[in-house]
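Asker: Supplied in structure tokens, the structure appears directly below.
Values quoted throughout were computed directly from the atomic coordinates according to the rules given, and no laboratory measurement underlies them. Every value quoted in this text rests on a predicted model; they were computed, and no experiment measured them. Cβ sites come from the backbone with ideal geometry, for glycine too, and all protein chains shown count toward neighbours.
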Amino acid sequence: MIKLYAITLLVTVLVLITFVSMKDVLAEVWIPDDEFSGYYDSDGIYTIIGAVKNTENYSIIPSVIFSINDNGNKILEAYTLPVVDSEKDIPFKIKLQQIKSKNAILEKPQVNFVEAQQNASQINVIYDKSLVKHADGHTTGYIVNNDTSPAYDVKVYAIIYGKNGKFLDVGKSLENITKMEPGEKIAFSMYPDPQYASKISYYSCFNIAANSAQTLWVERDGNPFYFNVLTTGAVAYPKFDNSQQSMTITVRYPFPDTGFVNFMFPQESPDQKFSITSNGNPTKFLQSKDPDGYWHVALNLPPRSVSQLTISGFGTHSLSSMSDYRSYILIIIPVIAAIASIIIWKKKKD
């Protein structure tokens with residue numbers, strides 16, 4: 001009897017170990033085929049919708065590379081999405097105005113990710129009578145910040161389904177929620193594309209995206225230039241070189257593993273190409289764009305390192321600042337004076 005009990009216990013333990021191991025093996029980050037599609041919205045803009053699912057046992061920062069065949073011209077677009085907690089998903093809605101043909105083909109996306117050093121913000125949708133789907137298809141409700149710290153640039157996303165659970169669209173809140181204090185409650189609303197308004201059955205998978213990055217600024221052409229940084233290390237001493245249109249910054253990473261730093265810069269042109277040197281040497285990095293139009297420039301940090309980074313590729317500012325005008329006036333005034341003197345001299349001579 002004791003022997004049978006021991007065998008049974010051993011088999012049970014082995015089954016549990018196998019189950020846990022299989023779960024780890026099967027864990028992945030992906031976009032389900034039935035929740036991924038492209039369509040032309042009511043304004044004729046090509047729109048990609050879907051949701052990234054995270055079955056890893058930790059939070060991640062996903063990035064997605066979209067491939068579109070635009071009448072024989074292959075277009076690749078990379079986007080970085082907000083933090084996704086374990087066993088959660090993040091819906092996305094990307095508009096690509098550069099797609100020209102009306103029969104573009106959306107190919108299978110490529111999903112990459114890095115482990116996030118913190119979970120997503122604890123901002124939750126309030127599920128009560130205040131969460132309403134209206135007759136015209138839009139929905140309204142409230143969110144509350146259950147975190148102990150403020151949240152910035154808060155957005156609400158949801159997957160929109162039609163009858164029989166058909167994936168139709170992704171909704172995004174309209175409100176410009178720049179900051180939410182702990183405990184604060186704020187209303188939100190979201191609308192589907194008008195072509196789907198009459199087909200909506202319900203909204204699901206509400207997810208909150210909040211910016212947990214550090215906001216920094218550097219003096220550029222006499223004005224503050226703001227950008228965001230998400231990193232496992234620490235950044236300091238940003239400095240902008242106006243003549244080279246480049247920024248230098250120090251990144252310290254004291255830990256024994258490999259870290260990362262992700263810079264988020266406001267878009268100055270749709271075809272910006274950045275380059276980076278680390279301690280004077282060219283280094284590998286990934287460049288992508290988020291749905292809000294910010295460029296993401298990310299790279300790995302070596303263990304126990306201090307990296308002096310130089311980031312190039314910023315757009316040339318237009319000559320519209322007062323300092324630029326002063327420079328031009330200092331040149332133009334003497335030239336005008338010289339021309340006037342010549343004209344006066346010629347008239348006197350005549």
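Asker: Considering amide H positions built from the backbone, and no H for Pro or chain starts, which residues 5 or more places from S201, or on another chain, come under 5 Å of its amide H?
Answerer: Amide H neighbours of S201, under 5 Å, 5+ apart: Y161, G162, K163.
Asker: Give the cross-link partners of K129 among the aspartates and glutamates, using a straight C-alpha distance below 20 Å as the criterion and excluding same-chain residues fewer than 8 apart.
Answerer: E184
Asker: Next question, about the same structure. Could you please rank H134, H296, placing first whichever residue has the fewest other Cβ atoms within 10 Å of its Cβ? Show your work: numbers first, answer last.
Answerer: On the way: H134 12, H296 22.
Placing the least packed residue first, the sequence is H134, H296.
Asker: For V251, what is the net charge nearby, where nearby means another residue's Cβ is under 14 Å from its Cβ and Lys, Arg count +1, Asp, Glu -1?
Answerer: +3
Asker: Tell me which aspartates and glutamates have Cα within less than 15 Å of K102's Cα, excluding those fewer than 8 residues away on the same chain?
Answerer: Of all the aspartates and glutamates, those that pass the test against K102 - Cα under 15 Å, at least 8 places apart if same chain - are D41, D43, D70.
Asker: Take the residue pairs K108/K273; K93/K185; K100/K163; K95/K289 and return only those whose Cα atoms are more than 22 Å apart.
Answerer: Pairs exceeding the cut-off: K108/K273; K93/K185; K100/K163.
Asker: Quick check: Cα centre of segment 159-209 to Cα centre of segment 87-106, how many Å?
Answerer: 17
Asker: Could I ask something else about it? Once both labels are modelled 7 Å past Cα along the beta-carbon direction, what's the S243-Q110 spacing in nm?
Answerer: Placing both labels 7 Å along Cα→Cβ, they lie 3.9 nm apart.
Asker: Sum up the charges of everything whose Cβ sits under 15 Å from the Cβ of P91, counting Lys and Arg as +1 and Asp and Glu as -1, but leave P91 out. Each step should come with its number before you reach the end.
Answerer: Numbers: positive: K53, K88, K93, K95, K155, K172; negative: D34, E35, D85, D89, D169, D193, D290, D292.
Once positives and negatives cancel, what remains is -2.
Asker: Put +1 on the Cβ of each Lys and Arg and -1 on the Cβ of each Asp and Glu in segment 184-268; which of P256, S189, C205 then has its Cα farthest toward the positive end of the dipole?
Answerer: After comparing all options, I get C205.
Asker: So if I place +1 on the C-beta of Lys and Arg and -1 on the C-beta of Asp and Glu, and nothing else carries charge, what would the dipole magnitude of segment 188-275 be about its Cα centre? I want it in debye, nearest 20.
Answerer: Rounded to the nearest 20 debye, it is 180 debye.
Asker: Let me ask you something else. So for the pair I75, T55, with labels modelled 7 Å out along Cα→Cβ, what separation do we get in nm?
Answerer: With each label placed 7 Å out from Cα toward Cβ, I get 3.2 nm.
Asker: For R220, what residues show an amide H to amide H distance below 5 Å, using hydrogens built from the backbone and excluding near sequence neighbours?
Answerer: Amide H to amide H, under 5 Å and 5 or more residues apart or across chains, R220 pairs with F225.
Asker: What is the spin-label model distance, in nm, from A187 to L216 if the labels are put 7 Å beyond Cα along the C-beta direction?
Answerer: In this crude label model, A187 to L216 measures out at 4.0 nm.
Asker: Suppose every Lys and Arg Cβ carries +1 and every Asp and Glu Cβ carries -1, with no other charges. What dipole size does segment 228-292 come out with about its Cα centre, to the nearest 20 debye?
Answerer: Dipole about the Cα centre, nearest 20: 200 debye.
Asker: If you add up the charges near K166, with Lys and Arg at +1 and Asp and Glu at -1, over every other residue whose beta carbon is less than 11 angstrom from its beta carbon, what do you get?
Answerer: -1
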